Amino acid sequence: MFKFSRTADAIGATASKLEKTRVLAEYLRELEPADLRLAAVWMTGRAFSPNDPRVLNLGGSTMWRAVQALSRLEPDELGSTYLKYSDPGDWAFEVLQGRTQPRPTGLQAVAQAFDRIAATGSQQAKLDELTLLLDRLQPLEAKYVVKILTSDLRIGLQEGLVEEAVAQAFGLKLDQVRRLHMLTGDIGETAVRCQGGEVDTTTIQLFKPVRFMLATAVATPQEAMERVGSEARGVRRERPPGATPQGGNPPSIWTEEKYDGVRCQLHKQGDRVALYSRDLRETTLAFPELAEAAGRLAHDVLVDGEVLGHRGGKVLRFFELQRRLGRKEVPASLRQEVPVALVAFDLLYLDGEAILDLPLRERRARLEGLGFEHPFLLARYETARSASDLDRLFKETRERGNEGLMLKSPESAYTPGRRGMAWLKLKRPLATLDVVVTAVEWGHGKRRGVLSDYTFAVLHEETGELVNVGKAYTGLTDAEIAAMTQHFLLSTLVDRGRVRIVRPETVLEVAFDSIQHSGRHKSGYALRFPRIVRLRPDKSVQEIDTLATVAALYERFFGAESETTLEEIAETPE
Ligand code: AMP
């Protein structure tokens, strides 16, 4: 663990990406496969690979108690040291100096401790394991264990640089490593395969989930037309033999509903079936009716789609579907209350053949040939040839009370894990609201030392109270944030350390994509993905938007019954 920690420290000490990669490559090259698998994952700031269903579930207070017990310091002193760094790892490093009984500890031993922490449900047992682990480490090692456990190394090493280091370590092209990583979704597995020279990415192994293809956000139909065209041109070059040549000019785009469910990958081979979620965890038990129905499919497949809840022909809102998630078993009553369907939009594997590289139109043709029956449906798509077509389709989806459209190039390959130009999502802010800042928080990382996180409120028109509806981090320039920091320091009413309650007088206009019910805010609502559009010094707190406006928007787009029928957005094959 010491070598890992020293390497991570050296990576953090240089701003040069080249140097970071070189240092990491040198370290990875020397590792045995079992250590390599761990180190590569840990260097991305995760204790477990995203494919690994386990979670540590280690609360911040457990971490605090373990470090406190070993440091033998008073909470006050621990707290003030913490504020100095705002980083649990740096904090542990300082307060554990001379307080542990270090013994040489390899990566495997640390991994075994992580396994035990994940395996127990008791916070006390987790605390005991963590305390034992930290006690056998040097402070530098403890620093990185804590950073891994809090999922952020803060050494300026994104996943992309780890891929580069793996390529450099084993003399491979970056593209090869990326593609393998896309497919496996596991940088540890990728590194080990690269070390062993197994870089063939043309095969899919069923029951090893493939990373999902993602979409890039676009704000306007014009932007969508330009971008999706560019991707189609790039892909044509790679068209495999046997694929249909692309049709003539104007680029056509397929549009599908942006479904408000959960992404799902269905693997089926013979009698065996598994479902995986967006983060590649197995979710077969959450949707037993899908697993049972998949067993009856006549083909071996890997299908990509979205699970939707439905009732009486209408699509259920996400919060109803959510009741089916995160359970070990779904009671029959819930299966009846929230029945589900899988709306399939892609096929990556069919009867022994990986077909990721075929164009979407070919994959779709094969998907349509599978003879789906309920609960398997096909995503309904429309073809758009111009920005005005897209505009019309977007308006239609909005009228159904949905937030956006997915746009796909019919000529594109399936690129796992990639947010490329072949899939776009057209979203426009649901609305903007004028709100007032009620509390501010010191930022992290690059935003350390400035008050950058703003909690904001709307007006409760009946009581006259200000009720919080969200927290925004983005949208202002660095200069604006610096000026606002000065402003909020002067308008602080209560200083709680990290958080300051401020005089409610600063009005912002915020845009957002959706609204959720929330127990955290007194208003009962939380805006999702809010961003600051502009400061509104011209407005006073009396002029901000009201809770009634938020509630009305919620009802229209997310509340109770949705207006969308399954039939409008999905179909069964003829
Ligand atoms: P976002 O979560 O905003 O990045 O949007 C990407 C997500 O949209 C995917 O992970 C899917 O779960 C979801 N999605 C909804 N409808 C579709 C669709 N028709 N095609 C692909 N992804 C979709």
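The values are calculated or read from the model by the stated rules, or taken from the named source; none is laboratory data. Fair warning: this is a prediction, and the values are worked out from it, not measured in the lab. Cβ: placed from backbone, ideal geometry, glycine included. Neighbour counts: every protein chain shown.
Strands (runs of 3 or more DSSP E) wholly in the range 397-445 with at least 1 residues that are within 11 Å of the ligand (Cβ to nearest atom) and more than 18 Å from residue 550 (Cβ to Cβ) - which ones? Full working, then the answer.
Working: elements: 404-408, 419-427, 431-442.
The strands (runs of 3 or more DSSP E) meeting that bar are 404-408, 419-427.
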Would you mind listing the strands (runs of 3 or more DSSP E) fully within the range 461-574 where at least 1 residues are within 14 Å of residue 437 (Cα to Cα) and of a type in the set (Lys, Arg)? 466-472, 499-502, 531-535
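Results for (1) under 20 Å from residue 60 (Cβ atoms); (2) among the β-branched types (Val, Ile, Thr), shown as yes or no for each residue.
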{"position": "135", "(1), (2)": "yes, no"}
{"position": "146", "(1), (2)": "yes, yes"}
{"position": "160", "(1), (2)": "no, no"}
{"position": "164", "(1), (2)": "no, no"}
{"position": "171", "(1), (2)": "no, no"}
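I need a count of the residues in the range 249-270 that are more than 16 Å from the ligand (Cβ to nearest atom), without any contact (Cβ under 8 Å) to a residue 60 or more places away in the chain and under 27 Å from residue 398 (Cα atoms). Walk me through it before giving the result.
Taking the range 249-270 as the starting set, the residues that turn out to be more than 16 Å from the ligand (Cβ to nearest atom) are 249-252, 267-270.
When the remaining residues are screened for being without any contact (Cβ under 8 Å) to a residue 60 or more places away in the chain, the result is 249, 270.
This time we only want the ones that are under 27 Å from residue 398 (Cα atoms), so: none.
The qualifying residues number 0.
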I'd like to know if the range 73-86 contains one or more residues that are touching a His at 6+ places or on another chain (Cβ under 9 Å) and either of a type in the set (Gly, Ala, Ser) or over 21 Å from residue 105 (Cα atoms) (or both). yes
Quick check: is even one residue across the range 504-519 without any contact (Cβ under 8 Å) to a residue 12 or more places away in the chain and either under 22 Å from residue 86 (Cβ atoms) or out of contact with any strand residue (DSSP E or B) (no Cβ under 6 Å at 6 or more places or on another chain) (or both)? yes
Evaluate the range 384-394: report whether one residue or more is over 21 Å from residue 218 (Cα atoms), more than 13 Å from the ligand (Cβ to nearest atom) and buried (at least 19 other Cβ atoms within 10 Å of the Cβ). no
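Does residue 72 qualify as being more than 29 Å from residue 446 (Cβ to Cβ) and free of Cβ contacts under 8 Å to residues at least 60 places away in the same chain? Show your work before the answer.
Numbers: more than 29 Å from residue 446 (Cβ to Cβ): yes; free of Cβ contacts under 8 Å to residues at least 60 places away in the same chain: yes.
Answer is yes for this residue.
Quick check: anything in the range 141-150 touching a Pro at 6+ places or on another chain (Cβ under 6 Å), buried (at least 22 other Cβ atoms within 10 Å of the Cβ) and part of a helix (DSSP H, G or I)? Write out each step before concluding.
Going residue by residue through the range 141-150, those that are touching a Pro at 6+ places or on another chain (Cβ under 6 Å) are 146, 150.
Right, trim to buried (at least 22 other Cβ atoms within 10 Å of the Cβ) and you get 146.
If we keep only those that are part of a helix (DSSP H, G or I) as well, we get 146.
Yes: the range 141-150 contains one or more residues that are touching a Pro at 6+ places or on another chain (Cβ under 6 Å), buried (at least 22 other Cβ atoms within 10 Å of the Cβ) and part of a helix (DSSP H, G or I).
Mind telling me which of the residues 6, 37, 54 ends up being assigned to a loop (DSSP other than H, G, I, E, B) and touching a residue at least 12 places away in the same chain (Cβ under 8 Å)? I'd like the intermediate steps shown before the answer.
Numbers: 6 fails: assigned to a loop (DSSP other than H, G, I, E, B); 37 fails: assigned to a loop (DSSP other than H, G, I, E, B).
Matching residue, one of 6, 37, 54: 54.
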Test: residue in the range 96-109 that is under 29 Å from the mean Cα position of the chain (by Cα), in the same structural domain as residue 67 (by TED's automatic domain parsing) and part of a helix (DSSP H, G or I): yes
Run down 290, 302, 275 and say which single residue is assigned to a strand (DSSP E or B), modelled with pLDDT of 95 or more, closer than 23 Å to residue 337 by Cβ and not small (Gly, Ala, Ser). 275
Being surrounded by 20 or more Cβ atoms within 10 Å (Cβ to Cβ), of a type in the set (A, V, I, L, M, F, W, C) and in contact with a Leu (Cβ under 8 Å, 6 or more places away or on another chain), is that true of even one residue in the range 171-190? no
Can you name the residue in the range 208-225 that is within 11 Å of the ligand (Cβ to nearest atom) and part of a strand (DSSP E or B) and is also surrounded by the most Cβ atoms within 10 Å (Cβ to Cβ) among such residues? 215
